[in-house]
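Structure first, commentary second.
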Amino acid sequence: MFSNFLRFPMAFLGGAFIPVESMPPILQTISRLLPLTYSIEALNQGMAFTLPTAIYAVDMVVLVVFSAFCLLLSSRVLRKKIG
């Protein structure tokens, strides 16, 4: 239940329903902090083949860095719980 409080706003701010470019500037800034925004952009670019690959590379780098951060954070939490 609690995860829905995070999931639904992230879906709306991530550009899944409304393009990020059409949002007010403050919401654009918030959406650029969410990893879902970059994954939606990467999926759109991969399906359309219209945008430059440099933007696609930026999306991939952001997603890899976010994934590495989450992996490190979860391994530290697991170490604390085990030992």
**Item:** Residues located in region 31-75, provided they are part of a loop (DSSP other than H, G, I, E, B), of a type outside the set (A, V, I, L, M) and over 14 Å from Pro19 (Cβ atoms)
**Value:** Phe49, Thr50, Pro52
**Fill in**
Note on region 21-50: residues closer than 21 Å to Ser67 by Cβ and either surrounded by fewer than 16 Cβ atoms within 10 Å (Cβ to Cβ) or of a type in the set (A, V, I, L, M, F, W, C) (or both) are Ile30, Arg32, Leu33, Leu34, Leu36, Ile40, Ala42, Leu43, Asn44, Gly46
**Request:** For Gly14, work out the one condition from (1) in contact (Cβ under 8 Å) with a residue 12 or more places away in the chain; (2) surrounded by fewer than 11 Cβ atoms within 10 Å (Cβ to Cβ); (3) small (Gly, Ala, Ser) it doesn't fulfil.
**Result:** (2)
**Request:** Would you mind telling me which numbered condition in (1) modelled with pLDDT of 95 or more; (2) at positive phi Leu73 fails?
**Result:** (2)
**Item:** Condition broken by Leu72, with the remaining ones in (1) free of Cβ contacts under 8 Å to residues at least 24 places away in the same chain; (2) surrounded by 12 or more Cβ atoms within 10 Å (Cβ to Cβ); (3) hydrophobic (A, V, I, L, M, F, W, C) satisfied
**Value:** (2)
**Prompt:** When Thr53 is evaluated against the numbered criteria (1) surrounded by 15 or more Cβ atoms within 10 Å (Cβ to Cβ); (2) touching a helix residue (DSSP H, G or I) at 6+ places or on another chain (Cβ under 9 Å), which criterion, by number, is the only one it fails?
**Reply:** (1)
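The values are calculated or read from the model by the stated rules, or taken from the named source; none is laboratory data. What you see is a predicted model; the values in this text were computed from it and never measured. All Cβ positions, even for glycine, are placed from backbone atoms using ideal geometry, and neighbour counts span all protein chains on display.
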